[in-house]
Amino acid sequence: MRASQFHLNTLKEAPADAEIISQKLMLRAGMIRKVAAGIYDYMPLALRSIRRIEAIVRDELDRAGALEISMPLVQPAELWRETGRWDKMGPEMLRLRDRHERDFAFQPTSEEVVTDIARQELKSYRQLPRNFYQIQTKFRDERRPRFGVMRGREFIMKDGYSFDRDVEAAGRSYDAMFAAYCRIFERIGLEYRAVAADTGAIGGDRSHEFQVIADTGEDAIVYCPDSDYAANIELAGAPPLLQARAEAAAALAKTATPGHETCEDVARFLGAPLETTVKSLALASDGEDAPEIWLLLVRGDHALNEVKASKIDGLKAGFRFATHAEIVDHFGCEPGYLGPLAPRKPVRIVADRTVARMADFVCGANVAGYHYTGANWGRDLPEPDIVADIRNAVAGDLSPDGKGLLAIDRGIEVGHVFYLGDKYSRAMNASFLDIDGKPRFFEMGCYGIGITRILGAAIEQNNDERGIIWPAAIAPFEAVVCAVGWGKSEAVRTEAERLYESLRAAGVDVIIDDRDERPGVMFADWELIGVPHRLTVGERGLKEGVVEYQSRRNGEQLRLPPAAAAEHVTARLRG
């Protein structure tokens, strides 16, 4: 490939509305072009990287026995109605009608369509297991698309689905896909963690996220550096921080705290450690009659984990934060002074495991401008109705496996694997005849990779003040030959062409910069674009018998004999 024939359109500054580094650099490098909010053109540089990611994904999935298919972008509502998701999915699913007024969805995912394939095509246990995947455009109408390709509305995704005859076999399919995903991200060259995750709206009961480590990541990843334990913040276990509840040592006192509502303000006002305060959060679960009000308690320096709260009996069907009117009605005061002692009306008390072991704690008094100090379970108020892990883990907590202390990194989710069970096959009556001649529902798994999201995640993890630093496996080009003085020197042209052809013959994806630009412009462009290896051919260097090599990742610079330059780059790429 020649730069004079390629489409290069670099910018010195990113557009003002670009928010994060990957978005800024992709726009500056001319990789993407905004068409509408969350919708982008993928220009030649970006598409080359996308195709390289897709090739790695296909190679590993084919190796693992998965079969590529292509399912329609536009899917009939009837299939989605079978599972109930036509009504359950929110406005993020783009709905449309054809000329006959029939309802369709522009696919955000394809569980329904692939389950329909299975129920029509897979009739016997002899045809199992089967694993189908596609690499396809998806659309999700994000309320607030942002961060370029990281949270767009239209994106390219690999989604795959396994079908098995029983739970044990489904577990083997899940493990095979987990291993394939690990190989994919290792080959791409990203620092990642596979973390246990909540299954969320998609369903199922076994789930792992593949998170690329990056300071700008939206997700918190909790892990133990001394063991294999890793989970996202929603699922990470948070052990009680007290071995046992101490004996009460302070008298209960109703203490004035005028104008101080948060635990931080109250602790500061009282001169007490924040760890002695209890945070009260009022929730409501709606039933057929009046809503039931709940009070969830976490230590003042901790945060409620809503996913964990949703696992509590009574809240599994759903909950919301109580309204202002409901709080006043049940507690007799404004929010900010709530507490578990003597609410006006009955509420269900759920205490985090650390709170359940606290003594002499500070909590709201259910009276505006007052908090209780010296509060104790058993003596001053009944034991909580439920004790459960309902807080976010924090760095320094004991790992749930007991093998060390927890640490927290930021991560960008680029892949997710789910064990679905028969959630979709049962809803769609998708069954096969088992070995005993009886019909059974398929046990299913679901496996996704955000192809275009990987672009953004890779840049967030690999960049510097000059631009992108691509892992070689997914760079738009592996190497560039910069010919300084192309239009003036036949010797430069001859040697640059020789190097270019030598690299091509060795299987290197190389571009030759024959634009006759100034060296500074050339170098700035390729550093911004992030090509891993650069060879510079100039007249002065040739007179000295050298060409210059530079590594984009570590900045290493070498002066090499021209005859050895191509071999050096090839060895770096293949070593």
Given (1) part of a helix (DSSP H, G or I); (2) closer than 28 Å to ILE50 by Cβ, identify the lone condition not met by GLN550. (1)
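Residues that are part of a helix (DSSP H, G or I), modelled with pLDDT of 90 or more and not assigned by TED's automatic domain parsing to the domain that holds LYS88: does the stretch 180-188 have at least one? I'd like the intermediate steps shown before the answer.
Taking the stretch 180-188 first, the residues part of a helix (DSSP H, G or I) are 180-188.
Filter again for modelled with pLDDT of 90 or more, leaving 180-188.
If we keep only those that are not assigned by TED's automatic domain parsing to the domain that holds LYS88 too, we end up with none.
There is no residue in the stretch 180-188 that is part of a helix (DSSP H, G or I), modelled with pLDDT of 90 or more and not assigned by TED's automatic domain parsing to the domain that holds LYS88.
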Please indicate, with yes or no, whether at least one residue in the stretch 260-277 is surrounded by fewer than 21 Cβ atoms within 10 Å (Cβ to Cβ), more than 19 Å from VAL367 (Cα to Cα) and within 34 Å of the chain's Cα centre (by Cα). yes
Starting from the stretch 211-231, take each residue that is in a strand (DSSP E or B) and list its partners that are hydroxyl-bearing (Ser, Thr, Tyr), counting only C-beta distances under 7 angstrom and pairs at least six apart or across chains. GLN211/TYR192; VAL212/TYR192; ILE213/TYR192; TYR223/TYR229; ALA230/TYR223
When the stretch 133-146 is checked residue by residue, the ones that are in contact with a helix residue (DSSP H, G or I) (Cβ under 7 Å, 6 or more places away or on another chain) and surrounded by fewer than 21 Cβ atoms within 10 Å (Cβ to Cβ) are ILE135
Per the filter on the stretch 414-431, residues under 29 Å from MET150 (Cβ atoms) and of a type in the set (A, V, I, L, M) are VAL414, VAL417, LEU420
For residues that are in a loop (DSSP other than H, G, I, E, B) and either surrounded by 21 or more Cβ atoms within 10 Å (Cβ to Cβ) or within 41 Å of the chain's Cα centre (by Cα) (or both), tally how many sit in the stretch 332-375. 19
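Just one of ALA491, ALA458 is buried (at least 24 other Cβ atoms within 10 Å of the Cβ), outside the structural domain of GLN211 (by TED's automatic domain parsing) and either within 23 Å of LEU79 (Cβ to Cβ) or among the hydrophobic types (A, V, I, L, M, F, W, C) (or both); which is it?
Only one candidate qualifies: ALA458.
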Tell me which residues, restricted to the stretch 38-87, are touching a Gly at 6+ places or on another chain (Cβ under 9 Å), small (Gly, Ala, Ser) and part of a loop (DSSP other than H, G, I, E, B). GLY38, ALA66
Name the single residue, out of those in the stretch 377-397 being in a loop (DSSP other than H, G, I, E, B) and over 41 Å from the mean Cα position of the chain (by Cα), that is farthest from ALA249 (Cα to Cα). PRO382
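The values are calculated or read from the model by the stated rules, or taken from the named source; none is laboratory data. For clarity, every value in this text was computed on a predicted model and none was experimentally measured. FYI the Cβ positions are ideal-geometry reconstructions off the backbone, even for glycines, and counts take in every protein chain you see.
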